[in-house]
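Asker: Before we start, here is the structure in question, set down as structure tokens.
The values are calculated or read from the model by the stated rules, or taken from the named source; none is laboratory data. In this text the structure is predicted, and so the values were computed from the model without any measurement. Note: ideal-geometry Cβ built from the backbone for every residue, glycine included; neighbour counts use all protein chains shown. We work out accessible area using only protein heavy atoms, side chains counted, and drop any ligands, DNA or RNA first. Shrake-Rupley method; radii C 1.70, N 1.55, O 1.52, S 1.80 Å.
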Amino acid sequence: MGKFLPTTVDNTYSGNMLAFYVFIMLTVMTTFRSLAHILLPDGGAESIATIDVDVEGGDAIVAMFAYWGLSQLILAVLYILSIVRYKSLIPLMYLTMVVEYTLRFVIGLAKPMEHSGTAPGEVANVVLPLLTLIMLLLSLQERPTQS
């Protein structure tokens, strides 16, 4: 539990470096994805996720994508802060990612959406739960100390 909620939150990361670099890549992806949902005219709903928004209630779909982008941007800011200033929180941030991506997958199964193509999120929702779980485990490993 100490790795997830360290008694001292500092800029020390003692986990596997591969997990650190993958965390940076996932943070960049989260940042760009969130900005796309906020800034694209259709929130990425049609242009990326292939969801038809030219239907009754389409404006609500676009708005929901923008709201979702805001939530993702807040997570991205926390991830960036972890990279820049609070590296000891990276295992906790990975736990957050594991929960988010796993529940996205489960919700996608429980509440499937109609798409006109294969959305990148559909592929990511299958790959990212496993990737983030592996990276979480690597982030918990102690690196050998240099003598």
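Asker: Okay, helix-only estimate at 222 nm for the chain: each DSSP H run of n ≥ 4 adds -39500 (n - 2.57), divide by all residues, round to 500 deg cm²/dmol; what do you get?
Answerer: Details: 4 runs with 92 residues, N = 147.
Result for the chain: -22000 deg cm²/dmol, rounded to the nearest 500.
Asker: Using only Cα atoms, figure out Rg for the stretch 25-107 and give it as a multiple of 2.2 N^0.38 Å. Write down the numbers at each step before the final one.
Answerer: Working: Rg = 14.3 Å, N = 83, 2.2 N^0.38 = 11.8 Å.
Cα-based Rg divided by the globular estimate yields 1.21.
Asker: Starting from the Kirkwood radius over alpha-carbon pairs of the stretch 64-130, derive D by Stokes-Einstein at 10 °C in a medium of 1.306 mPa s and give it in µm² s⁻¹. It would help to have the intermediate numbers written out before the result.
Answerer: On the way: Rh = 13.3 Å.
Approximately 119 µm²/s, per Stokes-Einstein.
Asker: If I compute solvent accessible area with a 1.4 Å probe over the protein chains, what percent of it on the chain is carbon and sulfur? Provide the component values of the computation, followed by the final result.
Answerer: Numbers: 6280 of 8870 Å².
Taking all protein chains in place, the chain shows 71 percent carbon and sulfur surface.
Asker: Relative to the present Cα-Cα distance, how much length would full extension add between L81 and T8 at 0.36 nm per residue of separation?
Answerer: Working: separation 73, 0.36 × 73 = 26.28 nm, distance 1.55 nm.
Working it through step by step, the gained length comes to 24.7 nm.
Asker: Label-point separation (nm) for A110 and L131, each offset 7 Å from Cα along Cα-to-Cβ?
Answerer: In this crude spin-label approximation the distance works out to 2.5 nm.
Asker: Any idea how far apart M1 and D59 come out in nm if each label point goes 7 Å out from Cα toward Cβ?
Answerer: So the two model labels end up 5.0 nm from each other.
Asker: When ligands, DNA and RNA are left out and all protein chains stay put, how many square angstrom of accessible area per residue does the stretch 52-147 have with a 1.4 Å probe? Please list the in-between numbers first.
Answerer: Numbers: 6140 Å² over 96 residues.
Dividing the accessible area of the stretch 52-147 by its residue count gives 64 Å².
Asker: Based on Cα coordinates alone, diagonalise the gyration tensor for the chain, multiply each eigenvalue by 5, take square roots, and list the semi-axes in whole Å, largest first.
Answerer: Taking √(5λ) for each Cα gyration eigenvalue gives 33, 15, 12 Å.
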